[in-house]
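See structure below.
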2 protein chains.
Amino acid sequence: MQKGGAVMAATLQTIADELGVSRSTVSNAYSRPDQLSPDLRARILATAERLGYSGPNPTARSLRRGKVNAIGVLLTDNLSMAFTDPYAVAYLRGLAEAASARETSLLLINLPTDEAAGRRVVSNAAVDAFCLYCVPDWHGALELVRQRGVPIVIGEDPNAFGPDASYVGIDERAAARRLGEHIVNLGHRDIAIVAHWIVDGGVTGEVSADPDALRYYVTGERVRGFRDAFTGAGLPWDRVRLINAAANHREEGAAGAAHALDRHDRATAILCTSDVLALGVLDALRVRGLTPGRDVSVTGFDDIPDAEVHGLTTIRQPSVERGRLAGELLLDPPEDPAGRRLTLPVSLVVRATTGPNSTKEQS
Amino acid sequence: MQKGGAVMAATLQTIADELGVSRSTVSNAYSRPDQLSPDLRARILATAERLGYSGPNPTARSLRRGKVNAIGVLLTDNLSMAFTDPYAVAYLRGLAEAASARETSLLLINLPTDEAAGRRVVSNAAVDAFCLYCVPDWHGALELVRQRGVPIVIGEDPNAFGPDASYVGIDERAAARRLGEHIVNLGHRDIAIVAHWIVDGGVTGEVSADPDALRYYVTGERVRGFRDAFTGAGLPWDRVRLINAAANHREEGAAGAAHALDRHDRATAILCTSDVLALGVLDALRVRGLTPGRDVSVTGFDDIPDAEVHGLTTIRQPSVERGRLAGELLLDPPEDPAGRRLTLPVSLVVRATTGPNSTKEQS
DNA sequence: TTGAAAGCGATACCAA
DNA sequence: TTGGTATCGCTTTCAA
């Protein structure tokens, strides 16, 4: 069948008509080869080939089957983080592996900062499930994600989407506390924290913020964990400097470090909420001729491969494994609801960038 | 409407019935707010909210509209390369940026080595277009990709999919030749090439292969480019050692280098088909106490950020930009067919890892 | 401003 | 083994 002289794309019907069989049969030729004679099937396939039929339309098939074989992954605006931070990359790889094992693809959805656009993108995403990771928790489009009614796995705030959502994460606060205690035990008192998303917006520099009111869950928990350690040791919290990094990039880590280093009362320890930021801080030290672990102690978070190379003290958390588990929870959810909420173990890895405070107490 | 006591997911129809309006109207409330009174629209949205309607089903909408707002990206088995090689990551980022600007997502499709599975995955992929990059050219599922009849952009073999496919790439062979000439001009005669996918399969080690018969286009062209340089200088090709890397990973680069270094007639220059492999070669040199550029010259390909850090001599080619162009070609194809085939410029970046041959000629 | 009708392209049950 | 029929959920003219 053609229309107006233009060649219409072939469909199941085209093939069926051509051969005088029913669409069901043609469909079976593709989806259930055992349901028809090899002979007929061969004829159908040959005709399809001849007519340039590209096989069953995936969208139509998905509509009918109620399944699209895709997991939606929401990413921060401009994808910078997902493709830049080795930890996130490893996480994605694990997710992709789990998905791939089930012939499922990953739909990478770049969530625009603009709310309306964000909602549009989310509502157009044809996916069987969503994986939420490194997403600004406060984005209005996340509400839509929940409304979509598909399974969700989250990696950050365990309570963000209610008890129905699966969860694969770590105890962020306890992990940070361990780092903080390590630093306190080394005698440090002049401490700076370099963190991404303490405040929204693109500023890198010192900010003042209430740790109990940070909007980004992960940063909030980690900062609170640091505070737990400090106050537990009798160290007044208002003595700690909070430095916001405009992005989770190495360069921002270096820029942020400047605010802790280039002043008379220089910090003797800088805690970062990611290894990537910490590597930037190390860059800043190098430029200034300071030795990490001796002049200034530095800690990261994640334990990416480069952390070991640079001797960075950090928290090791599962990466590929964590992504893989997230994917499995989505695709093969365990019967037991408790099995859908996983808190993974972490460990403190002490390397060369932390050492005893060598300066004399200043106040 | 319910069925058998189970709550059915709400659809447009559910809302329409509830309010006694037609589905068209409900549809308009979502897709064309200007087509109905604000009042009615508000009532519809409120009812939808109350009934837990998640908004128009993306799959159904895509079927109807004939567009899914997604670009399919085929990736090598296990995604290792896409997420591991900084060059590929940058390319993907550019692609994602172009897509995102048009509210389009990226469907990352992991192409299983298994042919049947590969075909299944490709035929189920609901996408408006395909981007082919770093894909094993010989995979049978690629045939299906072409049959799908959607726009394609390729980044490797410009002739792989006929003249209809868009193309954004570089002159691989000429680029490699420049590297080869650089090395030859420095007086090197004992040369090894470390390359990914010279032969298929997981072996890392010396292989013998005819440069004119390599199955992977990119490696083939680069190896032929090296040969052009050597034979142009009167250097017999059979003196060059070909070392296959099992994967495009730093570790494999190091492993491959061993085959060129741990022998009496050690190579004085090692050319790699990617920076990632070259960094591995540098690792291998370090372990052996050899100095790059003095004891052994090393070259890479791509000019990833780490290349500069390590002083690697390499070919610089556009990365983010190249991905962005690929996305734009797919989403906003220029009228002029010639505009859909872009060969981008590259440059030779000479740094510290190459230097004059300091050993005396051995034969 | 609202609605009726006609698909979009395929799948799956149940008969024949 | 093959075919008929009823959807899947939505969009889009075209009329009213």
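The values are calculated or read from the model by the stated rules, or taken from the named source; none is laboratory data. This structure is a prediction, so every number in the text was calculated from the model and none was measured. Glycine also receives a Cβ, built like all others from the backbone with ideal geometry; neighbour counts cover every protein chain displayed. Protein only, heavy atoms only, side chains kept; ligands, DNA and RNA dropped before computing areas. Shrake-Rupley method; radii C 1.70, N 1.55, O 1.52, S 1.80 Å.
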Return the total of residues in the range B:17-43 being within 11 Å of DNA strand D (Cβ to nearest atom) and in contact with a Leu (Cβ under 8 Å, 6 or more places away or on another chain). 6
Helices (runs of 4 or more DSSP H) lying entirely in the range A:251-363 (those with 2 or more residues that are more than 22 Å from the chain's Cα centre (by Cα)): A:275-287
It is to be established whether one or more residues within the range B:163-178 are at pLDDT 95 or above, in a helix (DSSP H, G or I), open to solvent by 20 Å² or more (accessible area, probe 1.4 Å) and touching a Lys or Arg at 6+ places or on another chain (Cβ under 7 Å). yes
(1) under 22 Å from A:ALA82 (Cα atoms); (2) in contact with a Lys or Arg (Cβ under 6 Å, 6 or more places away or on another chain): which one isn't true of A:ALA307, the others all being true? (2)
Given the criteria open to solvent by 40 Å² or more (accessible area, probe 1.4 Å) and within 16 Å of DNA strand D (Cβ to nearest atom), does B:ARG61 qualify? yes
Between a residue in the range A:14-33 that is within 14 Å of another protein chain (Cβ to nearest Cβ) and small (Gly, Ala, Ser) and any residue that is part of a loop (DSSP other than H, G, I, E, B) and more than 8 Å from DNA strand D (Cβ to nearest atom), which pairs come within a Cβ distance under 9 Å, given they are 6 or more apart or on different chains? A:SER27/A:PRO56; A:SER31/A:PRO56
Take the conditions within 26 Å of A:LYS67 (Cβ to Cβ), open to solvent by 30 Å² or more (accessible area, probe 1.4 Å) and within 11 Å of DNA strand C (Cβ to nearest atom) and apply them to B:ARG43. Does it pass? no
In the range B:46-76, what residues are more than 9 Å from every other protein chain (Cβ to nearest Cβ), away from DNA strand C (no atom under 16 Å from the Cβ) and not in a strand (DSSP E or B)? B:ARG50, B:LEU51, B:THR76
Of (1) in contact with an Asp or Glu (Cβ under 9 Å, 6 or more places away or on another chain); (2) closer than 25 Å to A:GLY300 by Cα; (3) more than 10 Å from every other protein chain (Cβ to nearest Cβ), A:PRO86 fails just (3)
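Across the range A:140-156, what is the total count of residues that are out of contact with any strand residue (DSSP E or B) (no Cβ under 9 Å at 6 or more places or on another chain), touching a residue at least 12 places away in the same chain (Cβ under 8 Å) and facing chain B (nearest Cβ under 9 Å)?
Narrowing the range A:140-156 to residues out of contact with any strand residue (DSSP E or B) (no Cβ under 9 Å at 6 or more places or on another chain): A:140, A:143-144, A:147, A:149.
Add one more test, that the residue is touching a residue at least 12 places away in the same chain (Cβ under 8 Å), and what stays is A:140, A:144.
With the extra rule that they be facing chain B (nearest Cβ under 9 Å), the set shrinks to A:144.
The qualifying residues number 1.
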Check on B:VAL21, within 12 Å of DNA strand C (Cβ to nearest atom), assigned to a loop (DSSP other than H, G, I, E, B) and farther than 19 Å from A:ALA116 by Cβ: yes
Give the range B:90-111 a look and list any residue that's at the interface with chain A (Cβ under 7 Å from one of its Cβ atoms) and over 11 Å from A:ASN110 (Cα atoms), or say none. B:LEU92, B:LEU107, B:LEU108, B:ILE109, B:ASN110
Residue that is nearest to A:PRO333 (Cα to Cα), among those in the range A:122-139 that are open to solvent by less than 20 Å² (accessible area, probe 1.4 Å) and facing chain B (nearest Cβ under 10 Å): A:VAL127
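Residues to consider are B:ARG316, B:ARG351, B:ARG286; find the one that is open to solvent by 70 Å² or more (accessible area, probe 1.4 Å), more than 20 Å from B:GLY94 (Cα to Cα) and not acidic (Asp, Glu). Spell out the reasoning first.
On the way: B:ARG316 fails: more than 20 Å from B:GLY94 (Cα to Cα); B:ARG351 fails: open to solvent by 70 Å² or more (accessible area, probe 1.4 Å).
Matching residue, one of B:ARG316, B:ARG351, B:ARG286: B:ARG286.
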All conditions in (1) surrounded by fewer than 17 Cβ atoms within 10 Å (Cβ to Cβ); (2) at pLDDT 95 or above are true of B:VAL309 except (2)
Is there a residue being at pLDDT 95 or above, part of a loop (DSSP other than H, G, I, E, B) and touching a strand residue (DSSP E or B) at 6+ places or on another chain (Cβ under 6 Å) anywhere in the range B:234-250? yes
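Let me confirm something: among B:ARG324, B:ARG294, B:ARG316, which residue is free of Cβ contacts under 8 Å to residues at least 40 places away in the same chain and among the charged types (D, E, K, R)?
On the way: B:ARG324 fails: free of Cβ contacts under 8 Å to residues at least 40 places away in the same chain; B:ARG294 fails: free of Cβ contacts under 8 Å to residues at least 40 places away in the same chain.
Result: B:ARG316 is the single residue among B:ARG324, B:ARG294, B:ARG316 that is free of Cβ contacts under 8 Å to residues at least 40 places away in the same chain and among the charged types (D, E, K, R).
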